[in-house]
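The values are calculated or read from the model by the stated rules, or taken from the named source; none is laboratory data. It should be emphasised that the depicted structure is a prediction, and the values quoted were computed from it without experimental measurement. Backbone-built Cβ (ideal geometry, glycine too); neighbour counts: all protein chains shown.
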């Protein structure tokens with residue numbers, strides 16, 4: 001099975017990313033928090049999760065795209081809750097996995113039931129099933145604060161789909177190399193260059 005795919009985004013369609021890879025365009029389901037940061041023209045690598053979803057009396061293959069392996073791992077845990085299917089999980093995940101993991105770990109039913117398609121009983125079910133797992137996981141990142149141009153540069157990287165913890169590391173390295181007084185765009189360029 002495919003682990004990841006590289007290509008150019010040709011557009012988005014409701015909950016999907018349309019990705020051109022060679023002569024083929026594929027339609028990838030994407031969680032809401034990630035879909036907001038993807039736009040036509042972006043070239044990137046997406047990490048994939050394949051699932052067969054039962055629709056009526058047939059199995060339909062779905063490929064779900066993620067910006068990182070960690071986000072994909074979180075999604076796999078999230079869909080292990082009974083009643084939280086692949087499509088429902090992608091729709092519900094309008095906040096990043098680190099925030100969602102934190103809400104689950106803290107038993108924050110209010111945050112969970114505010115997610116699309118997650119009511120009070122489903123929120124309680126998610127906490128009951130995943131609270132211990134999330135409390136012991138590395139999905140909850142304590143992202144150090146950055147200020148000024150570094151904060152702006154971090155925000156830009158996150159808009160490009162780079163996870164918060166990685167964005168902070170990249171910006172901290174760029175500040176060390178370029179200095180704290182350079183512009184946000186200089187820091188972003190340095191960060192992207194070091195990322196490869």
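With respect to the conditions (1) more than 27 Å from residue 47 (Cβ to Cβ); (2) assigned by TED's automatic domain parsing to the domain that holds residue 51, residue 186 lacks only one, and its number is (2).
Considering only segment 138-146, I want to know if a residue exists there that is surrounded by 15 or more Cβ atoms within 10 Å (Cβ to Cβ), over 23 Å from residue 47 (Cβ atoms) and modelled with pLDDT of 80 or more. No, because not a single residue in segment 138-146 is surrounded by 15 or more Cβ atoms within 10 Å (Cβ to Cβ), over 23 Å from residue 47 (Cβ atoms) and modelled with pLDDT of 80 or more. Residue count for segment 58-75 satisfying the condition of being surrounded by fewer than 18 Cβ atoms within 10 Å (Cβ to Cβ) and outside any strand (DSSP E or B): 2. Total residues in segment 71-94 satisfying the condition of being under 14 Å from the mean Cα position of the chain (by Cα) and modelled with pLDDT under 90: the figure is 0. Residue 151 fulfils the conditions (1) at pLDDT below 90; (2) assigned to a helix (DSSP H, G or I); (3) touching a helix residue (DSSP H, G or I) at 6+ places or on another chain (Cβ under 8 Å) except for a single criterion, (3).
For the criterion of being farther than 27 Å from residue 167 by Cβ, without any contact (Cβ under 8 Å) to a residue 24 or more places away in the chain and crowded, with 17+ Cβ neighbours inside 10 Å, residue 127 passes. Considering 79, 126, 104, the condition of being touching a helix residue (DSSP H, G or I) at 6+ places or on another chain (Cβ under 8 Å) and closer than 26 Å to residue 12 by Cα is satisfied by 79 alone.
Being free of Cβ contacts under 8 Å to residues at least 24 places away in the same chain and touching a helix residue (DSSP H, G or I) at 6+ places or on another chain (Cβ under 8 Å) holds for only one residue in 111, 84, 69, and it is 111.
Answer yes if at least one residue in segment 22-39 is at positive phi, at pLDDT 90 or above, touching a helix residue (DSSP H, G or I) at 6+ places or on another chain (Cβ under 7 Å) and not in a strand (DSSP E or B), and no otherwise. Give the derivation first.
Within segment 22-39, the first condition is being at positive phi, and the residues that meet it are 22.
With at pLDDT 90 or above added as a condition, the list becomes 22.
Narrowing further to those that are touching a helix residue (DSSP H, G or I) at 6+ places or on another chain (Cβ under 7 Å): none.
Within segment 22-39, none of the residues are at positive phi, at pLDDT 90 or above, touching a helix residue (DSSP H, G or I) at 6+ places or on another chain (Cβ under 7 Å) and not in a strand (DSSP E or B).
For segment 82-96, does any single residue satisfy the condition of being under 29 Å from residue 123 (Cα atoms) and surrounded by fewer than 13 Cβ atoms within 10 Å (Cβ to Cβ)? Checking segment 82-96: at least one residue is under 29 Å from residue 123 (Cα atoms) and surrounded by fewer than 13 Cβ atoms within 10 Å (Cβ to Cβ). Screening the candidates 43, 55 for the property of being surrounded by fewer than 18 Cβ atoms within 10 Å (Cβ to Cβ) and without any contact (Cβ under 8 Å) to a residue 12 or more places away in the chain yields one hit, 55.
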